[in-house]
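The values are calculated or read from the model by the stated rules, or taken from the named source; none is laboratory data. The model shown is predicted, which means the values in this text are computed figures rather than measured ones. Glycine gets a Cβ as well: all are built from the backbone with ideal geometry, and neighbour counts include every protein chain shown.
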Ligand SMILES: [Fe+2]
Ligand SMILES: [Fe+2]
C-alpha cells in the first residue's frame, strides 16, 4: 500500500526558506541530508527548536484563524468547512507525539542508547498519521488555493497552513531519514 508520505515533499509546499537556527537557512527545494548536524545531540536540538517549538507556536493561531474564516464565510463556495477541527486534531496529535519523542526517545538517543525498535516503529506509524492529516489539509484547502476576493484573515490562514505543511514534511523526513536510521538495529557480524 502506498504511504501518505510518498505523496508529500517539502518542495510541494515550501515557498519560503527554512530557517535552521544560528542564522542559517536553506532555500525552498529538496533538502540534502548532509545539511543537518552530524552530531546527534545537535540534530535533536535542531528538531526541538526548529520544528517542535515552531509547530507549538503556530498551530493555535492557525486554529483560531480557521474558526474565524469558517464563521465569516459560511456561504462562500470555496469556504473550508471542518478546517478548524482538522487543524485542532493536527495540533493535538502532534503534541502527544512530540511529548513521546521528548520524554522517551530523545533522552535515550542523547545518551547514545538505542531505543527499542518497537518505540521507533511507533513513531513511524505516528508520522504516517500526520502525513494522512496533511493530505486531508491539502484536499480541504484545494491545495491552499486562496480565492481572489479572500480577506486578509483567509490569506494569512492558507499561507500559514502551507508553511506548516512544508515544515511538518521536513520534520518527518529529518527524523525518518536522518535521525532514526542512526539507531537502526545493526546486523550481527557473521563468523
Ligand atoms: Fe519530532
Ligand atoms: Fe516525530
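For the stretch 95-105, the count of residues that are within 15 Å of the chain's Cα centre (by Cα) and at pLDDT below 95 is zero.
Scanning the stretch 175-191 for residues that are at pLDDT 90 or above and either out of contact with any helix residue (DSSP H, G or I) (no Cβ under 9 Å at 6 or more places or on another chain) or crowded, with 21+ Cβ neighbours inside 10 Å (or both) turns up 175, 179, 181. In the condition set (1) surrounded by 15 or more Cβ atoms within 10 Å (Cβ to Cβ); (2) away from ligand 1 (no atom under 15 Å from the Cβ), residue 113 is compliant with all but (1).
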